[in-house]
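Notes follow the structure.
Coordinate-derived values only; no laboratory data. As the structure is a prediction and not an experimental result, all values here were calculated from the model. Here the Cβ is made from the backbone with ideal geometry for all residues, glycine too, and neighbour counts use every protein chain on show.
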Amino acid sequence: MKKLRNIFVLVLLVALVLPIIASSGEAKAQDPVELRITWYDDGIEGTVLRDLLDRFEAENPDIKVVIDTVPYAAGIQENLPVQLEAGEGPDIARVTNLGGLSQYYLDLRPYLSDPAYWEENFGPYLAWLRPEGDTEGIYGIQNQLTITGPYINRTLFEQAGVEVPSDTSDEVTWEQWAEAARQVAEAVGPGVTAMAMDRSGHRFAGPAVSLGATFFDEEGYPALLEDEGFRQMAELFVGWNQDGTMLYDVWAGATGYAAPNEEFANAQVVFYMSGSWQVPQFANTIGDAFTWEVVPNPCGPGGCTGMPGGAATVAINTTEHPEEVARVMEYLASEEVLREFHARTLFVPAHIGIASTGVEFETDLDVAKAALEMWTAQVPKIQPLAFDLQAYRYNSVLFNAIRDRLTQAITGELSLDDAIARIQEDIDEQLAEAQN
Amino acid sequence: MMEANRPRSIGEWISAIRHGAEALLIGIYSGLMIALEIIINPIQRWVGFRRMAYLFLLPNMAIFGIFVIFPMLLNFYYSMTSGVALFPEDRTFVGTDNYEILADCDDFTDPNSCDEDFFWRAVYNTIVFVFFQVGGMVIMALITALVLNREIVGRGFFRSVYFYPVLLSPVVVGLIWRWILQRYGVVNGVLAQIDPKYEADPVLFLLKGDWPTFWVIMISIWAQMGFFTLILLAGLQSIPGVLYEAGSIDGASPWQSFRFITLPLLMPTMFVVLVLALIRAVQVFDQVFVLTGGGPGTSTKYMVQYIYETGMRNQIPRRGLAAAASMVLGSVLFIFTFIQLWLGRKSESV
């Protein structure tokens with residue numbers, strides 16, 4: 001019995017120790033450095049990125065790049081900040097809260113072979129990624145420039161026999177668009193709503209700036225209580241939601257971000273306020289099923305502006321492989337690779353060299369090409385305040401408070417005055433929290 | 001001799017394999033027991049026979065401590081802090097400030113007069129939800145259990161049908177009903193077929209008036225009722241049939257049998273169902289979040305959604321405030337759980 005016991009103990013020990021020896025042997029083998037990118041997709045950009053990285057890996061066998069594709073809202077907006085705060089972030093990430101996460105970015109400048117190339121080609125956008133007070137850091141690639149603005153369903157205008165306002169005027173107001181869209185919706189019959197807007201304070205901000213909103217006081221602190229332009233746009237917007245001009249479901253019937261892009265693609269919306277990132281998706285989902293197009297941003301005393309924005313691919317400062325990360329970023333930022341990325345994804349380029357020479361977008365759809373040209377033409381019309389608002393580190397605090405409180409005004413839980421007062425309180429409280 | 005021992009038929013092969021498998025299992029079992037003896041014997045000599053029970057409880061208590069007690073204590077500490085830092089040591093201690101913010105109201109009946117109006121809207125919404133959902137569900141579950149306790153045709157089938165929604169994920173339930181009830185959903189499609197006016201003017205079940213609250217409660221009852229029906233059914237079946245026979249001999253009507261036999265004997269089970277349903281109702285979140293997103297406005301935003309959004313969703317998350325709100329919610333749940341345990345012990349002693 002004792003002999004049997006000794007044999008069993010020996011077997012047990014071998015069974016326990018063997019996997020440890022085996023795993024340590026594996027660790028000693030020369031594996032490539034694995035880098036992880038946290039990514040989200042609006043369209044086909046994940047597939048394009050994978051293609052590009054496959055080529056990179058073939059030329060650089062010492063680096064393997066894994067793309068972790070996550071949902072935008074839950075993955076990028078909610079989980080990524082917590083991961084970064086906990087020091088458990090990826091090596092590289094695609095972000096839209098450009099300045100808000102800047103404390104977690106890795107300054108690539110010491111690792112780049114040619115920082116001047118980055119300054120020359122991404123100059124104005126590098127500042128969006130920098131923490132307060134930093135004027136030198138290079139933190140990532142602005143590989144998607146977006147502009148907010150409206151799409152229309154021209155086919156519905158034609159069916160209704162209503163003239164598209166921007167065909168005859170360069171400066172159409174929001175009220176004129178609303179009136180025209182209402183006429184179309186009434187003429188084409190049930191199931192079509194005049195207007196819709198993404199459920200986002202960022203989307204609301206462009207129209208508000210056009211109507212003369214100032215957003216900040218003289219010290220640069222967000223101040224909306226006395227902002228007449230903001231109030232005017234808020235009043236129009238709440239009224240349109242309440243009287244059925246706007247698709248009520250989007251703002252009243254959701255939490256967080258919501259986009260009625262499917263309703264527009266299903267020809268249920270005449271005029272849709274969204275942004276340039278929808279082009280690739282509409283090229284796929286709508287194609288030439290009806291004539292859709294981008295029209296210039298409506299005008300007001302503050303101009304005819306949309307909001308700039310976009311997504312950047314940034315390096316994260318907790319990476320254990322900064323040099324390898326910089327090599328991947330240099331590859332993705334190189335003009336040839338980036339040009340292909342924009343051509344295939346149909347994203348408007350921020351890269352100055354590429355923007356100045358133009359991109360041959362890979363689409364056979366004339367409507368998509370025309371839409372991209374129209375977005376490019378919108379860039380010079382963006383007001384300086386819109387750029388300031390986009391560069392403001394805590395802009396999401398403003399945008400989210402605007403979104404949530406205007407929703408309450410739409411549903412009647414708050415009067416417009418109370419909603420604006422609550423927006424200011426929410427901003428004050430959150431900014432105070434950030435100071436602790 | 002070897003030839004003679006070899007199995008000759010399929011039956012003998014199966015039997016031989018079975019014996020072999022049994023021998024293998026016995027071998028493994030014996031080996032494990034020996035290994036266990038090698039480990040346990042010295043420990044038992046060291047801690048003593050009587051204390052061995054605590055040692056066996058230790059792994060479970062460790063898991064409970066790490067995943068329940070420690071987070072609760074951490075959450076309590078968080079509720080006393082402020083700032084955006086994630087790690088407790090980096091956060092600013094503010095004492096009871098977060099609780100004071102939550103309680104700062106000029107008029108507790110009007111959320112608009114409160115500093116943290118979203119919290120109070122969530123509190124009132126949760127109270128309304130709990131009252132109607134729990135009340136409605138207990139009544140519906142009782143009626144269903146009474147019907148399914150009778151000798152009806154297809155009783156087994158109906159028991160399965162009522163229990164089936166319990167097996168669905170709350171997210172799936174929310175999505176299915178959203179497709180059914182939304183502007184261009186199934187119900188409005190059917191209504192439009194019946195009367196074309198609904199094509200132009202569909203009923204906004206999830207957006208207008210009291211419809212959203214009504215549907216949130218109804219769907220929640222539909223999704224959970226089967227579970228409570230099953231508990232009540234077990235309670236009904238434990239009532240001795242002789243009592244009904246005795247009642248029948250005394251001339252009791254069906255209503256009198258229910259009133260004076262079924263209801264009193266079912267009451268302990270009813271209390272358990274009530275408390276369990278209350279606990280679940282207070283925790284409502286995922287299903288409603290998918291169905292209405294808490295809207296329209298905040299009319300179906302409940303406590304857990306408030307905590308989630310305050311602590312997780314904002315660019316500057318107010319984790320301290322969210323932790324304080326979750327302590328309030330935890331206290332309510334603690335009271336309900338305590339009542340449930342007390343009732344459970346009371347019924348055991350009876």
Exercise. Picking from B:Gly294, B:Gly136, B:Gly48, which is most flexible by a Gaussian network model of chain B using Cα springs under 10 Å?
Worked result: B:Gly48
For this session: Treat every Asp and Glu Cβ in chain B as -1 and every Lys and Arg Cβ as +1, leave all other atoms uncharged, and give the resulting dipole magnitude about the Cα centre to the nearest 20 debye.
Result: 1120 debye
Exercise. Name the GluC sites (Glu not before Pro) in the stretch B:74-178 that are in a loop by DSSP and that have at most 10 other C-beta atoms within 10 Å, would you?
Worked result: B:Glu151
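Shape of chain B from its Cα gyration tensor (a ≥ b ≥ c, root eigenvalues): rounded if a/c is under 1.5, otherwise prolate when a/b > b/c, or oblate?
Working: a/c = 1.73, a/b = 1.25, b/c = 1.39.
Taking the square roots of the gyration eigenvalues as a ≥ b ≥ c, chain B is oblate.
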For this session: Out of all DSSP beta bridges with both ends in chain A, state the antiparallel percent to the nearest 5.
Result: 60 percent
Seminar exercise, completed: Filtering chain B for DSSP H helices with an axial alpha carbon extent of at least 18 Å and a Kyte-Doolittle mean of at least 1.0 returns B:52-64, B:117-148, B:211-237, B:263-282
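Please report A:Leu35, B:Leu73 as a ranked list, fewest other C-beta atoms within 10 angstrom at the top and most at the bottom.
Values: A:Leu35 22, B:Leu73 11.
Listing A:Leu35, B:Leu73 from fewest to most nearby Cβ atoms yields B:Leu73, A:Leu35.
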Problem set entry | Neighbour-count order for A:Ser276, B:Ser113, fewest beta carbons within 10 angstrom listed first | B:Ser113, A:Ser276
Problem set entry | Angle between chain A longest axis and helix A:335-345 axis [Cα atoms, degrees, rounded to 10] | 60 degrees
Problem set entry | Rounded to whole Hz, the Karplus (6.51, -1.76, 1.60) HN-Hα couplings of the stretch A:108-117, x for glycine and proline | 7, 3, x, 9, 7, 6, 9, x, 4, 4
Exercise. For q = 0.04 Å⁻¹, what log10 I(q)/I(0) does the protein assembly as shown give under the Debye formula with an equal point scatterer on each alpha carbon and no solvent?
Worked result: -0.24
For this session: Between beta-carbons, use under 12 Å as the cut-off and find the net charge around A:Gln435, counting Lys and Arg +1, Asp and Glu -1.
Result: -3
For this session: Give the residue from B:Met312, B:Phe227, B:Phe271 lying farthest towards the positive end of the charge dipole for the stretch B:226-350; charges sit on Cβ (+1 for Lys and Arg, -1 for Asp and Glu) and the dipole is referred to the Cα centre.
Result: B:Met312
Seminar exercise, completed: Placing +1 on each Lys and Arg Cβ and -1 on each Asp and Glu Cβ in the protein assembly as shown, then taking the dipole about the Cα centre, the residue among B:Ile63, A:Gly189, A:Leu398 whose Cα reaches farthest towards the positive end is B:Ile63
Problem set entry | Positive-end extreme of charge dipole, chain A - chosen from A:Phe271, A:Leu129, A:Val95 (charges on Cβ) | A:Val95
Exercise. Once amide H atoms are built 1.01 Å from N in the peptide plane, which residues 5 or more positions from A:Gly310, or in another chain, come under 5 Å H to H?
Worked result: A:Thr146
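Which value in deg cm²/dmol, rounded to the nearest 500, describes the helix-derived mean residue ellipticity at 222 nm for chain A, given -39,500 (n - 2.57) per DSSP H run of n ≥ 4 and division by the residue count? Walk me through the numbers before you get to the answer.
Working: 19 runs with 216 residues, N = 436.
Per the formula, -15000 deg cm²/dmol.
Work out the length of the dipole vector of the stretch B:24-107 about its Cα centre, built from +1 on the beta-carbon of each Lys and Arg and -1 on the beta-carbon of each Asp and Glu, and round it to the nearest 20 debye. If you can, show how the numbers build up before the last one.
Numbers: 4 positive and 8 negative charges, 217 e Å.
Using Cβ point charges on Lys, Arg, Asp and Glu, the stretch B:24-107 gives about 1040 debye.
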For this session: Tell me the label-point distance for the pair A:Asp388, B:Met267, using the 7 Å Cα-to-Cβ offset, in nm and rounded to one decimal.
Result: 7.2 nm
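Can you tell me the length gained on complete extension of the stretch B:Asp110 to B:Trp255, counting 0.36 nm per residue apart and subtracting the Cα distance?
Numbers: separation 145, 0.36 × 145 = 52.20 nm, distance 4.41 nm.
So the chain would gain 47.8 nm between B:Asp110 and B:Trp255.
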Exercise. Hey, what do the phi angles of the stretch B:196-210 turn into as Karplus ³J(HN,Hα) couplings, whole Hz, using 6.51/-1.76/1.60 and θ = phi - 60°, x for Gly and Pro?
Worked result: x, 4, 6, 6, 7, 9, x, 7, 8, 4, 9, 10, 10, x, 8
Seminar exercise, completed: In this structure, the FRET efficiency calculated for B:Asn149 and B:Val128 from their beta-carbon separation, with R0 = 25 Å, to the nearest 0.05, is 0.20
Seminar exercise, completed: If the chain between B:Trp342 and B:Lys208 were fully extended at 0.36 nm per residue, the gain over the current Cα-Cα distance would be 44.0 nm
For this session: Divide, for the stretch A:355-421, the radius of gyration over alpha carbons by 2.2 N^0.38 Å, where N is the residue count.
Result: 1.71
Exercise. Using a Förster distance of 41 Å, how high is the FRET efficiency between B:Glu100 and B:Tyr54, based on the Cβ-Cβ distance and rounded to 0.05?
Worked result: 0.45
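Rounded to the nearest 5, what % of the DSSP beta bridges within the protein assembly as shown are antiparallel ones?
Once the DSSP bridges in the protein assembly as shown are tallied, antiparallel ones form about 60 percent.
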